[in-house]
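Read the structure below first, then the notes.
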Number of protein chains: 4
Amino acid sequence: MKRLGIGVVGVGDMGRRHAENLRRLIPQANLVAVADADAQRARRVAAELEVEHALNSLEALLERKDIQAVVITSPDKFHAGAVQLAAAAGKDILCEKPLALTLKDADAALAAVDKSHVRLQVGHMRRYDPAYADAKKRIESGEIGEPIIFKSIGRDQNAPPLSHYQAGLSGMLFLSSSVHDFDLARWLMNDEVSEVHAYTSVLTRPEVAQFGDIVAGVVNLRFERGAIGGVESFVQCQYGYDVRTEIVGSKGTLMVGRLLRTEEFVLTGEGGRQDIVDHFLVRFADAYVLELRDFVETILADGAPRVTGQDGRRAVAIAVAAQRSYRESRPVALDE
Amino acid sequence: MKRLGIGVVGVGDMGRRHAENLRRLIPQANLVAVADADAQRARRVAAELEVEHALNSLEALLERKDIQAVVITSPDKFHAGAVQLAAAAGKDILCEKPLALTLKDADAALAAVDKSHVRLQVGHMRRYDPAYADAKKRIESGEIGEPIIFKSIGRDQNAPPLSHYQAGLSGMLFLSSSVHDFDLARWLMNDEVSEVHAYTSVLTRPEVAQFGDIVAGVVNLRFERGAIGGVESFVQCQYGYDVRTEIVGSKGTLMVGRLLRTEEFVLTGEGGRQDIVDHFLVRFADAYVLELRDFVETILADGAPRVTGQDGRRAVAIAVAAQRSYRESRPVALDE
Amino acid sequence: MKRLGIGVVGVGDMGRRHAENLRRLIPQANLVAVADADAQRARRVAAELEVEHALNSLEALLERKDIQAVVITSPDKFHAGAVQLAAAAGKDILCEKPLALTLKDADAALAAVDKSHVRLQVGHMRRYDPAYADAKKRIESGEIGEPIIFKSIGRDQNAPPLSHYQAGLSGMLFLSSSVHDFDLARWLMNDEVSEVHAYTSVLTRPEVAQFGDIVAGVVNLRFERGAIGGVESFVQCQYGYDVRTEIVGSKGTLMVGRLLRTEEFVLTGEGGRQDIVDHFLVRFADAYVLELRDFVETILADGAPRVTGQDGRRAVAIAVAAQRSYRESRPVALDE
Amino acid sequence: MKRLGIGVVGVGDMGRRHAENLRRLIPQANLVAVADADAQRARRVAAELEVEHALNSLEALLERKDIQAVVITSPDKFHAGAVQLAAAAGKDILCEKPLALTLKDADAALAAVDKSHVRLQVGHMRRYDPAYADAKKRIESGEIGEPIIFKSIGRDQNAPPLSHYQAGLSGMLFLSSSVHDFDLARWLMNDEVSEVHAYTSVLTRPEVAQFGDIVAGVVNLRFERGAIGGVESFVQCQYGYDVRTEIVGSKGTLMVGRLLRTEEFVLTGEGGRQDIVDHFLVRFADAYVLELRDFVETILADGAPRVTGQDGRRAVAIAVAAQRSYRESRPVALDE
């Protein structure tokens, strides 16, 4: 079996999961090394997953000749820079979303990729979720006619601690969370967003305002061909991790999404009760495996990644426009 | 039993249902007459429901001394004028939504009501739906903490024929349909909407554009105390009549709404299938009865209506702002 | 409007509901009198519902010439005897289920009805529930092919107090509750039950055993044409009133039943929660109205009742066979 | 990493899946060889999964010193004999259900295992399904009080071809399918079944009767401590693979089971539609992996299997009693 030498940089929750998937579930991948600025964390993860090399920088990882591809799961702020370094080193890249926190950074990253002729896939893993993937097929088959409204909800159970906001490692909610829905919007509607308008709230946690962030946002979308839509994001819904999408068409409507964690329903004197999925690593466990497997197989087969750098840039562009709409209290066109 | 002499003006589908409910299900009401500009329709409905008098104008109905209250179900365009006439005649009034198509008309109607010291209830019947009524109680009890996001969807199965738009008897979608959700927004959030922004579409039926109407709209809402929201309306979803609302709070989320017509689930080689409610008169059958019963009992008991003229005016104000946002492509504040 | 003079005998919860429905929702009925052995209860209900006459015996009610039909809602033990008296008095009859507690009593009741040429309808109201009525149509249309398995569950929230068992006014669980499912079995399968086998339990309330009753039963059914089935009944499930039926056919399966009280779903840190219907008068509110309306219209139109005395007898026969299976620990054929 | 040398005998659908899971998802296992009486099938599977050795008999597989454990997935009829051979060869064993088709064979298998001091786990994989596993915990925690009724449904989409029945490789429906539910009954109720009664049907496919088999069965259960239950099995429900279980207790009820394949809901003019899981390898995909992983880890850790030979024997005993009830038309006690 031909195997792809691979390294993961940044082994927090997300990076650790990618490393674990590579190690346990993707035999065509040879996970050579994990790297993290926190050297102790790199060593711990390497030990747990029986990975040979624990490194303390992306640079160290890129030097290795037995690594052909890297998975970038460092904090969002470093994504674009890491892509540039990896491209310069001639490595193929799977970069977590968002590709960048600004369009300028996104463009620099894409230019570096182009220049080095490496391959870049952006981690919009929802496209690999079996339900979303099937939804895409149904829409393409014409099952719901012409799509006219796109709606998507993304709610996290608990907001990060304030220290997370202080550290400033991620962008605001539109970049860290809604960006998933913006990617779905483009992909499922097979169209580009032309203008957005956002309202936001910090009602339940005013402290985040000082960091330029929000706890909730509703973003109205206008698409180029005349469709419309809305994306809602909320960071502390308490009850679980809740991602649901509806595509309304001229012939029918498609609902995609799961709310329930287990297949159990408990009935007592207090009514009927169901447990809810509490984390994106549970809800999208399969999607992450399928994404990584596709990336590995694509690189081994010398193919073109399915979720391109342009896809990553365009999702960022919508998020950045929503951010501007929030700051300037007006609709913002994507081509401004 | 003390009974309230009552007349219904405008006996299309909605007025006919009100007349039928009064006749069959509300013993405290004495339905004296039905009136319709289409005299034949008035006679037919009167005959079917065994109502003594069939009249061909509101004026004729208002002349009757044995009528103390009127239900106004004439076309939307005539609501405000009918309220003024009925008030001048000293009758108590249940007026279908929307109260008016412009704020000027709404204000004139409210002034007439004030001057004549009659009582006015506006037909936002969803407040009487058992599920919505219970949701209101849960929110007030603090079950979901502080509400931060209000979401509502209203989809009709089939759009009216083009002749309906040509006749110009109703306002645009925001006034004819979204106005229900705007009323829910104020009532369930116990707050006022301060600003709105709308995107609209005629993608699936461009012909309605010439009449200044749309087939789909998404309206973002900002509330005075810092909450946000979104309302979606669509006139031709094909699959049924679909009304759903979510209120997201600091402690939990409340979903209200029914999609299914029957309690049956059919499983065959084609999968599982459920029939969907197809009409608002089915979905809100109970609400209409409870609304009318409450109106009749309130008038008989000399009480104050629960859904006031001000409520009706404010829902119209939101719709009018959304309409302006659509026409002027910008967010519109309610106090402009 | 031609109206049917009617009297209700026995105005506990069930009889009171029938009286209320007659009074408020069925204009073709003229509820002349209510009767109850508890004279005070008869007076209270008559006062509440504004019924002219409150009587203290079935006999007094049967004497009235302005009463053409009676609704029998006295305790189960008295059903068969009441039918005989009413028939002898020439009144048409709607008798609550079960028709009798023994086959001998059922036969005596049917003989009296035959002899007097009155009409008898038995109160298997589930046949009037919109979902069950629609299920019947679907099965008849061949939508699920040939039915091969019938399954039904009936669970009450709370068992009656021990005093109820001591008074001995009802038959055991198979006669008081499962009899509904036995009627559904015959009706939906369009077939007769030929043999039954029952297991029973008093595990959660051993005290009822002394009264010859049980708290839970599972009854296996064999149908004449080769289909099979199972009925489960339980008196104290705590979480609500739960009635569900599945009919499995050669082409598909039909599920009928509702578990939820309101259309709300509450999501909090404890998961998702729904309230459950708690009482048969809530779950089958519509069915009781439709049943009574059909009875009144049928009698006024001189027609034949849809749920016949034979239907009532056959449901009793299955219950009695299940009772015997329980007592004798063996399968029991219906034609023994 | 310490790894367990393992072989799979019988690589039809089920054995192939086990082999694939061992190869791809369980790194602690070293799948040394697959064996099948059909040598070509063994070679094809070995090639596809890159397994070194393809053998054409269990004997050949048992001779290998590098194999410490075997997975038996040959036809049901050969299970007990294969267990005896494997035990005699000193191999640890994971044997698919049912352990045997008769109690005599089951006892012979258990005796061989005892004598050789090898470990035997029986493939009741539902115990490893996350939902069932969680249900077990909830029941043990007392969440639903004392269990009084156990209900389980198992429906396959399509019956096997007649040739399958002719070959006589499996036992009747109670042994091939209901045996899963009988195991759940013992496990979830934490009690033993003391008596059963069965009704059966061949209504939709009379041809299977000549082979002593049925298409549908309902089996009533009595438990030793006084609880009761019912198991329904059907081989050709057309709409999918449907496994659902309810445990009714003194304080509440637990429902376990999934009906839906994808997380999509499609709404069109024909109503709402959902795809249904069509195969046990889809529904229980996770359970099979978790089962195998637990087996491998248990053997490597020198522990005792969680689903024992006795568990396997007792499930068979219930199935055999149900078979006898069907043949002799009477309730059958487990200790006869």
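Please treat every number below as a calculation from the coordinates, not as lab data. Predicted, not measured: the structure shown is a model, and the values here were computed from it. Virtual Cβ from ideal backbone geometry, glycine too; neighbours counted across all protein chains shown.
So here's what we get for this one:
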| quantity | calculated |
| --- | --- |
| Dipole-positive endmost among D:124, D:167, D:180 within region D:115-208 (Cβ charges, Cα centre) | D:167 |
| Cα gyration tensor shape of region D:67-221, rounded if a/c is under 1.5, else prolate or oblate by comparing a/b with b/c | oblate |
| Rotation relating B and D, chain D residue nearest the axis via C-beta, angstrom | D:273, 3 |
| Considering only the protein assembly as shown, percent of DSSP beta bridges that pair antiparallel, nearest 5 | 60 |
| Efficiency of FRET from Cβ geometry, residue D:281 and residue D:190, R₀ 25 Å, rounded to 0.05 | 0.30 |
| Region D:177-272: C-alpha gyration tensor shape, a/c 1.5 cut-off, then a/b vs b/c | oblate |
| Between helix A:39-49 and chain A: long-axis angle, C-alpha atoms, 0 to 90°, nearest 10 | 90 |
| At 7 Å out from Cα toward Cβ: residue A:335 inter-copy label distances (nm, ascending) | 3.8, 8.3, 8.5 |
| Computed magnitude of the charge dipole of region C:1-143 (debye, nearest 20; Cβ of K, R +1, Cβ of D, E -1) | 240 |
| Dimensionless Rg ratio for region A:128-175, taking C-alpha atoms and the 2.2 N^0.38 Å reference | 1.79 |
| Distance (nanometres) between label positions extended 7 Å along Cα→Cβ at residue B:115 and residue A:164 | 6.0 |
| Long-range Cα-Cα pairs in chain A (distance over 36 Å), rounded percent | 19 |
| Per residue convex hull volume, Cα atoms of the protein assembly as shown, in Å³ | 176 |
| Helix A:285-300 vs. chain A, principal-axis angle (Cα, 0 to 90°, nearest 10) | 50 |
| Peptide-level mean, for B:211-218, of C-beta atoms on other protein chains within 10 Å | 3 |
| Debye intensity ratio I(q)/I(0), log10, region B:48-95, q values 0.17 Å⁻¹ (C-alpha model) | -0.48 |
| Candidates D:78, D:182, D:211: whichever shows maximal mean-square fluctuation once chain D is modelled as a Gaussian network with Cα springs under 10 Å | D:211 |
| Simple spin-label estimate for residue A:202 and residue D:137 in nanometres, 7 Å along Cα-Cβ | 3.9 |
| DSSP-defined antiparallel bridges as percent of all bridges, chain B, nearest 5 | 55 |
| Dipole magnitude of chain C about its Cα centre (Cβ charges: Lys, Arg +1; Asp, Glu -1), debye to nearest 20 | 240 |
| Positive-pole candidate from A:245, A:208, A:102, dipole of chain A, charges at beta carbon | A:102 |
| Helical mean residue ellipticity (222 nm; -39500 (n - 2.57) per DSSP H run of 4+; nearest 500) of chain B | -11000 deg cm²/dmol |
| Net charge of neighbours whose Cβ lies under 14 Å from the Cβ of residue D:119, counting Lys and Arg as +1 and Asp and Glu as -1 | -3 |
| Label point 7 Å beyond Cα of residue A:2 along Cβ direction - residues of region A:20-36 with amide nitrogen under 15 Å | A:28-30 |
| Karplus-derived 3J(HN,Hα), 6.51/-1.76/1.60, for each residue of region B:138-148, Hz, glycine and proline x | 5, 5, 4, 6, x, 4, 10, x, 7, x, 10 |
| Assigned charges on the beta-carbon of Lys, Arg, Asp, Glu; region C:228-336 dipole about Cα centre (debye) | 340 |
| Label geometry 7 Å along the beta-carbon vector: residue C:114 inter-copy distances in nm | 6.5, 7.8, 9.5 |
| Per-residue mean of C-beta atoms belonging to partner chains within 10 Å, peptide C:81-89 | 0 |
| Anisotropy class of region A:13-155 from Cα gyration tensor, a/c 1.5 cut | prolate |
| Cα-based radius of gyration of region A:1-92 once divided by 2.2 N^0.38 Å, which approximates compact folds | 0.96 |
| In nm, spacing of pseudo-spin labels at residue A:28 and residue C:28 (7 Å Cα→C-beta vector) | 7.2 |
| For residue A:164, label point 7 Å along C-beta direction: distances to other copies, nm | 4.7, 4.9, 5.2 |
| Per-residue average of Cβ from other chains inside 10 Å of C:220-231 | 5 |
| Rounded tilt (10° steps) of C:179-189 against the dominant C-alpha axis of chain C | 70 |
| Over 26 Å between alpha carbons, listed pairs B:115/B:137; A:137/C:251; A:2/A:91; B:2/B:91; B:65/B:104; B:97/C:2 | B:115/B:137; A:137/C:251; B:65/B:104; B:97/C:2 |
| Relative contact order (percent, whole number), chain D, Cα cutoff 8 Å, 6+ residue spacing | 19 |
| Length-normalised contact order of region D:101-243 in % [C-alpha pairs under 8 Å, at least 6 apart] | 30 |
| Cα lying deepest toward the dipole's positive end in region C:196-274, options C:197, C:226, C:236, charges on Cβ | C:226 |
| Residue of C:315, C:133, C:301 that the Gaussian network model of chain C assigns the largest fluctuation, springs spanning Cα pairs under 10 Å | C:301 |
